[in-house]
1. So for region B:75-122, what percent of the C-alpha to C-alpha distances run longer than 12 Å?
2. Identify the trypsin sites (Lys or Arg not before Pro) of region A:393-425 meeting these criteria: DSSP loop state and at most 14 other C-beta atoms within 10 Å of the C-beta.
3. Shielding by partners for B:72-82, please: the mean number of other protein chain Cβ atoms within 10 Å of each residue's Cβ.
4. Return the Rg/Rh value of chain A, two decimal places, where both radii are evaluated on C-alpha atoms and Rh is the Kirkwood radius.
5. What is the percent of Cα-Cα separations in the protein assembly as shown that go past 48 Å?
6. Give the separation of the Cα centroids, region B:266-320 to region B:157-224, in Å.
7. Computed over the Cα atoms, what is the radius of gyration of region A:371-427 divided by 2.2 N^0.38 Å, N being its residue count?
8. Whole-Hz ³J(HN,Hα) for each residue in region B:110-127, computed from phi via Karplus 6.51 cos²θ - 1.76 cosθ + 1.60 with θ = phi - 60°, x for glycine and proline: what do you get?
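Values quoted throughout were computed directly from the atomic coordinates according to the rules given, and no laboratory measurement underlies them. It should be emphasised that the depicted structure is a prediction, and the values quoted were computed from it without experimental measurement. We place every Cβ from the backbone using ideal geometry, glycine too, and count neighbours over all the protein chains shown.
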Amino acid sequence: MFRDHRSRRAGTPTAAFELGKGQLMTTPISRRSLLGLAGATAGAALLGACGDDKGTDSGGNATIEWWHISNTDPMLGIWQQAANDFMAKNPGVTIKITPLANEAFKSKLTTVTQSGNAPSLFSSWGGGVLAQQVDAGLLKDISADISSWVGNLAPVSLKYYQVDGKYYGLPFDSGMVGFWYNKDLFAKANITNPPATWTEFLDAVRNLKAAGVTPIALGGKDKWPTHFYWSYLALRIGGAESLEAAMRDKNFETPDLLTATQKLKELFDLQPFQKGFLAATYDKPDGQAALVGNGKAAMELMGQFAPSNQAAFSQSKSGLGDKLGFFPFPSVEGGKGKVSDIFGGGNGFAVGKDAPPKTVEFLKYLLDVEVQRKGAASGAILPVTKGAEDAIKDPNQQVVAKTVNESTAFQLYLDQAWEPKVGQQVNDSVTELLAGKATPDRVLKSINNAAKR
Amino acid sequence: MPRSADSAFGAARGPAGGVRPAPSPATAGSPAAVAVVPPADGGRRWLSSRGWGTILIFLTPALLLFGLLVIAPIALAAYTSLLDWNGFRGTEEFIGLENFRRLLEDEVFVGDLRRGLILIVLSVTVQLPLALGLALLLNQPIRGRAVYRVMFFAPYVLAEVITAVLFQMVLSPNAGLANQVLSGIGLGGLAEEWLSNTSTVLYAVFVVITWKYFGFYMILFLAARQSIPAEIIEAAAVDGATGWNTFRHVTLPLLGPTIRIAVFLSIIGTIQLFDAVWVLTEGGPVNASETMAITMYRYGFESFEVGYASAISIAMFLISLVFALLYQRFVLRRDMEGAVTVIGGKR
C-alpha cells in the first residue's frame, strides 16, 4: 500500500517495476483474493488463537523478529551484514530476518496484526497507518530509550514516527518530491531558467506546448502521482501546516485550499499531460517514468527515486543522464508557504509491542553513521543520520539530499500521513478534478466527508 | 400430498432441504414408522434409526466443510458489515445498518449497479447472439472448421489477467495496435484513447470480456446444436420449412435450455466481474468502468474501511442470490422439470 521507493531504487528493473505503487496496488489479483475479504476476517479470528510467541528476553537471550521489504540488493545484503555484526557483538541475541516483497509484507503484516501481534521490528512509513497500529496497541513506546541519541538524526521526518509526542519507530531514509525536467526540451521551448513561480511555471507549460513538446508526464491511473500537485499547491498557498491543520480540524473547505484547488484546475485546463494520461501508470513501459526517460515529455513531479525509474523504463536503460535537471515546486504569488517547505517521504522501522529491549539497541545500530553511509554509497537510500550525506555519489541525489537538509518544513505523502480512507479520497478526488468530473468545491467536500467519517 | 409425510426424506437431503419442515417426532421416532412403505407413495419408505445414524455419519463432514467454508464466512461478512472498522483488532464500532444506508447514497455504488446493468444488457444482446451465430456457422460443413473452432475457443483458455494485460497493450493510446490498425486503414479519425476516456472505457471493457468469453458460449451452443437429431431438421425440410423457419421454429426452441443456462452464467459472471477490469483499468478513469467487486476491493484493501466493504460484499451476495433464485424459479423451471428429483413427485 505504500511507496517503498528507496529500498528498491537501485534494484533490477523487475524490482523497480514494483516501485512507487502508492496505496493503489496494481498487482493483478485473482478472484480467489476476493474471498480474502471474508476469509481474512475469518482467518484473523482463527489465527488469533495461535502464534503468541513473544521474543522473551530472559537471561540476556533475545530473539528479534525483523521484517523488512528491502528484498533486493544492495540493501538486502547491507541489512544482513548489519544484523550479523550486531549478533557478533551481542552474544545471546538472535535476529531472525524476514525480507519480504512489498505486497507480501503488507498482507502478512495485516494478518498478524489483526490477531493482535506484531514482529519486533518491521518496515513502516510512519503517519496514519503507524497511528492506527498505535491505537490497536501493537507498537512500543521507545521515546525514553532513544532520547539520548535521536538528536543524531535529521529532524525533518521524525514527527511522522511520533504519536502524541511519543516515538514508536524511526526513519532510516528520507526524500522529497520535486520537478525532474529534460534540459534539452526546456531549451527547445526557449526556457532558460527553471520556473520559480507558479505564473512562470504555467508560462513554461504554454511554451512547451507551443514548441510541440508534451510538457508533463502523468500516471493518472495510479492516482497518487496526481495528488502531489494538489498537496504542494496547498502547502505553497496555505503554508506548511495548512494540510495537517485541515486534517486535525476535519475542515478542508477553507479559502486557502479552495484557492489551491482552483490553481490546480488552471494547470489542468492547459492540458499539459500526454495523450491518454488517465489510463497511464507510473511504472509501466508506456507510463510516466518511461515518457520522461525516453525524452517524450519535458518533466514530471516525482520523488527522489524518479531518475532510477526513468532509467529502468527507458529504451536506452540509462534515462536522460546529464540532460536531467531538478527544481523544487515553484512558489505561488501571495502564498504563505516557502519554496523550502518540502513534501515527500521515505522509509523507516516501527517497533512491535512485545519487542525485546535489545531491539531498540539494534535499531540504533542500523542508524549508525557507518551503516547509513554504506546505504547512501550504494545509492539505495538517502540517509537520515547526520554526517552520512557526503557518502551520496549520484549528483541528482546530492541535490535532493541538500534540499531535504535545508528544508524549513516537511509534509509526508498524504496517503501515508493520514489514515488510508482519507488519503485514498484525496487521490480519488484530485483525479476527478483532473478528469474534469468534479469542481474544486466538490473535491474539498468529498475529502471533508471522508475525514469526518 | 401431505408435506409432513415427506419431511424425513427432506431433512435427509442436506443443507438445501433446510427450509422444509422438520420431521415430526410422532412419526419419525415411533416404531410404527420403521420400514413402513406407504403404498400410495410409490416406493418411499421411512428410515430406521440405524439409517439416521448412517445419514449423520456420511453427512457430517460435508456439512462441517460447508458450514466452515461457506456459511461461516458469509455470516462473518454479514456481521462485519454492521461495523465501522479499519481492520485492526479492537477498533471496531457497531453502527447497525449505517453502512447500508451509505451504500444507497454512494454515487460509485449506484453507478456500479447502472454499469452492471449496461454490461448485462450488452452481454445478452451482443455477446450471446454472436456466439450463437458462430456456433451455427461452425456447425456447417465448411473446410477447416475444426481449425476455426479451436481458434475461436482459444481466448477462453487464457486467464482473464493475461487477456487484460494483452488488451492494455492493444488499446494503448500511443503505440497500441488498435489505433495503429485504424489509422493504417484510413480510419484514423476513429482512433480513440479507449481506456482513458470516461465515455468509451466501459465499452472497451465489454469488448475485452466478449473476446475472452464468446468462445466458451460458442462451444456450449455448438454442443447443443449437435445434439439436435438430423431427422428433425430433415423432417422440417420435407415439410417445406425454409432455412429461417427451421431455425426459428426447430433449432432455436431446441437450443432453449442451453441459451437459458448461457444467459444465467453470463449475468452471474457480469455481476461478479473483477479480474479483467482490475488489470485493465482498476475501475477508472474516475470510476467509469468500476464494478461492484472493484468498489468492494478498493474500500476493503485500499481505504481499509472493512465494514463498508463487507456491506458491499453482502449487497453483491444478495443481488446474486435473489437473481439466481428468481431465475431458477421462473426461467429455468421447465428445463429442470423431470431432470431434478422433486420431493413429493410433482411441483
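1. In whole percent, the long-distance tail amounts to 69.
2. Taking region A:393-425 and a limit of 14 other Cβ atoms within 10 Å, the loop trypsin sites (Lys or Arg not before Pro) found are A:393.
3. Taking all residues of B:72-82 together, the mean is 3.
4. Here the Rg-to-Rh quotient is 0.97.
5. 31
6. Here the two parts' Cα centres lie 21 Å apart.
7. 1.41
8. So the Karplus estimates, Gly and Pro as x, are 4, x, 4, 4, 5, 5, x, 5, 4, 5, 5, 4, 4, 4, 6, 8, 10, 5 Hz.
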